[in-house]
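Below is one structure; the comments refer to it alone.
Laboratory data are not the source of any read-out in this text; all were calculated from the coordinates shown. Predicted model only: the values in this text are computed from it and were never measured. FYI the Cβ positions are ideal-geometry reconstructions off the backbone, even for glycines, and counts take in every protein chain you see.
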Amino acid sequence: MIPTELIGSIPRTTELLGAISDFRDGRIDGAAYAERQGRAVRETIEALEATGSPVVTDGEQRKPSFLTYPVEGSSNLATDGAVIPFSDGHHRQLPHLTSGPFRYKMHAEEYLRAAKKHTKLRVKQAVAAPSALSLLYPQDGIAGYPREQFLDDLVNEAETDIRGCLDAGAHVVQLDFEEGRLSLKLDPSGEMLREFIDLNNKVLSRFTEAERARIGVYTGPGADQDSTHSLDVDYAELLPHLFKLTVANFYLQLAGEADPERVLGIVADQLRPGIRVFVGVTDPIDPRVETAEEVRDRVLQAARHIPVQQLGTCDDAGFSPFADDTSTSRETAFAKIRARVEGTALAAKVLGV
């Protein structure tokens, strides 16, 4: 079969969205909040199983966002960090570090272990790429804590985050690398992107080849509140750099691209033995649910460029990368996932695999 996986996040349950507000405003305590988070994880995994998905996640129900989960609640952060503008005019603002040392308060292994209690299926775990977290260090520096020391600490923490998930039995650990395409918008020279790739590879170099076979990287132009932050950046500028990352699995946004055939041609030029490319066949920011037949045709299009033994499918992005993103309903998300699973199976039958 052609493997198929979701990227990670699912819109939070209605009960959980209410609990987030109640906990923030002091109407419920930590124990009640944790109970509702756990219930949301169980319900999400059960719904994913019902779609026929062979690989599941916890839907990131307990994460505040795909990026900030490691540092949520840290005492050495200020709220006025880097701003990420989206095409519809809204923006997301990152925190910034005010003092050292840099340490994770939460490791993704905890999410994974909790999810595995609710399923016998394979569970993947998304983690923040170290390149994304490098944006937390302020441009004007921190007295007594140079950037070089911060990066050393970041590499150590990122390694721990990934290794903990591998040791806990993750099917695959996926580095979320949305900042790759965005970096070319912020710095068209490509220097920022090259620094991102080098930093991520520094972490990946600490893993064996067998371990890197269970590590992947996801990239896309953002998908928050039905809007993107860097879809206007030419994919061709990113992809040759992306494939320098020493992972075995690449998850690529594709369904929302204006010219997927062109992108697939670029991907084909970057293929090397031992890697698998998961192409996006459903678009989370498109409210229309794709049919299984549409998905099938997108897979067959990809198979004209990528050998079937190196091909997989995924969604273009997570459905709710930030906890407050309710632009897509849970019903729509699960319907799109079901279409991806069924359409991939249809394509596999056509291709005889």
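Ordering V277, V353, V233 by the number of other Cβ atoms within 10 Å of each residue's own Cβ, fewest first, gives V353, V233, V277.
Computed over the chain, the Cα gyration tensor eigenvalues convert (square root of 5λ each) into semi-axes of 29, 25, 19 Å, ordered from largest to smallest. Only beta bridges with both residues in the range 4-351 are counted; by DSSP, about 20 percent of them are antiparallel.
Taking 7 Å steps out from each Cα toward its Cβ at T326 and D198 produces label points 4.5 nm apart.
Positive-end ranking of S134, P146, V172 along the dipole of the range 123-207, with charges on Cβ about the Cα centre, is headed by V172. Among A126, A158, A114, determine the one that fluctuates most according to a GNM of the chain built with springs between C-alpha atoms less than 10 Å apart. Top of the fluctuation ranking is A114.
In the chain, the DSSP-assigned H stretches of four residues or longer account for a calculated mean residue ellipticity at 222 nm of -12500 deg cm²/dmol, using -39500 (n - 2.57) per stretch and the full residue count as denominator. Ellipsoid semi-axes for the range 3-119, based on the Cα gyration tensor and the rule √(5λ), read 26, 18, 16 Å when sorted largest first. For a test of understanding, tell me how many lysine pairs in the chain have Cα atoms under 26 Å apart, given they are 8 or more places apart or on different chains. Eligible lysine pairs with Cα atoms under 26 Å apart amount to 24.
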